[in-house]
1. Being out of contact with any Cys (no Cβ under 7 Å at 6 or more places or on another chain), touching a residue at least 12 places away in the same chain (Cβ under 8 Å) and β-branched (V, I, T) is the filter here; which residues of segment 92-122 pass it?
2. Can you tell me which of D102, D170, D153 is among the charged types (D, E, K, R), under 29 Å from L62 (Cα atoms) and not assigned by TED's automatic domain parsing to the domain that holds A248?
3. Name every residue in segment 83-123 that is among the aromatic types (F, W, Y) and crowded, with 19+ Cβ neighbours inside 10 Å, in order of residue number.
4. Under 9 Å between Cβ atoms, which residue pairs at least 6 apart in sequence (or on different chains) link something in segment 5-34 that is over 16 Å from N48 (Cα atoms) with a partner that is in a helix (DSSP H, G or I) and modelled with pLDDT of 95 or more?
5. Does G178 qualify as being surrounded by fewer than 23 Cβ atoms within 10 Å (Cβ to Cβ) and outside the structural domain of C305 (by TED's automatic domain parsing)?
6. How many residues are over 16 Å from V243 (Cβ atoms) and within 20 Å of the chain's Cα centre (by Cα) when one looks only at segment 107-120?
7. Only residues that are assigned to a loop (DSSP other than H, G, I, E, B) and touching a residue at least 12 places away in the same chain (Cβ under 8 Å): list them for segment 129-152, please.
Amino acid sequence: MNGGRNDTTGRHMDVLSGGRIPPFIRKFLEERGEVFRDLERIIRGGNNRAYRLRTESGSYFLKAYFRHPQDPRDRLRAEYRFLEFCDELHIRAVPRPLAFDDAAGMALYSWVDGCPARLPVTEEEIAAACALLRELARRSSDARAIRLDPAADACMSPQDHLLLARRRVDGLRAILAGCDEASLMGQARAFVEERLAPALEAAERRAEPYLATRRLEDGELLVSPSDFGFHNALRTRDGLVFVDFEYAGRDDPVKAVCDFLCQPEIPVPETSLPALTEALDVFGSAGLLERAGAFLPLHRVKWCCILLNDFKFLDAKRRAFASPEMRGEERLAGQLDKARRYLETWLRD
């Protein structure tokens, strides 16, 4: 992987149009004696394009990653290396990585025959998520783990949790400043100033006693799936399989726990917090439980900001790449409504 940041957002459809398939896939199939049959677009997720690649003998999952010159994160590299790590260590609750082409911005994975997880989430499914975290935690000191890159927005010190939430709120304030009050942008600005900023101040006060401790050492970092939750899980006849790891990497285990609880699409009750920290007991579950409880409101604020990402230019471009059929104004109004409801549910005083 060369890690180049070429803008390939308009290239995928050219490569995949007219029944053509990329050379790396053709090579993969030829080496296995498989015959290409068809390619079907799957409407899934908000950041990338996904396809079911069918052959005469089975199916594969093809993913085309969003890229833009202003987005420095190599999503393909992060996901593929994380899944290579899992594959090498026989962690099986995730897809297998099979082939990739960095220049095309695409990767091929094993096909998972299942349906997206939905509410209500069962105790067995929460236990399955804990089991995956436990496997990753126990292998996070492996030499292969140390070579992995940091996760997206990795927290390497307690202060990073606070700075992450502040940066999100300040970024929205800068974008929305001076907007017409009657417009959607103006409504979002009022929400940020009148509701979200005070919630951040309250979250800072709760986290303050835990902010003065030292930076984490390598052995204290989790190989984190990042964006981990049931919104990225498929129910299969053999149990849950987790997918979508483009933000994965080494991170504070507390952030992984908080993100799991905070994910807005399929929320997990906070009563699951002890089970999640116990799954990470190699890092000291008692201390994790205390820190996770203290930092959870900061991550709630962060996720409220993430719901408003479409008000930012680059994030809006990524959504349009993944779902060009979604109208901009319609999505903005829907995301603002989600942010309001999320704050009311999780960040009330």
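1. Correct list: V112, V121.
2. When all the criteria are applied, what remains is D102.
3. Selection gives F85, F100, Y109.
4. I21/L29; E34/F28
5. Yes: the conditions hold for G178.
6. Counting residues in segment 107-120 that are over 16 Å from V243 (Cβ atoms) and within 20 Å of the chain's Cα centre (by Cα) gives 1.
7. R139, S140, S141, D142, L148, D149, A151, A152 - these are the residues of segment 129-152 that are assigned to a loop (DSSP other than H, G, I, E, B) and touching a residue at least 12 places away in the same chain (Cβ under 8 Å).
Here is a yes/no grid of residues against (1) out of contact with any Leu (no Cβ under 8 Å at 6 or more places or on another chain); (2) surrounded by fewer than 16 Cβ atoms within 10 Å (Cβ to Cβ); (3) modelled with pLDDT of 95 or more:
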{"position": "G18", "(1), (2), (3)": "yes, yes, no"}
{"position": "I43", "(1), (2), (3)": "yes, yes, no"}
{"position": "E56", "(1), (2), (3)": "yes, yes, yes"}
{"position": "Y80", "(1), (2), (3)": "yes, no, yes"}
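The values are calculated or read from the model by the stated rules, or taken from the named source; none is laboratory data. None of these values were measured; they are calculated from a predicted model. FYI the Cβ positions are ideal-geometry reconstructions off the backbone, even for glycines, and counts take in every protein chain you see.
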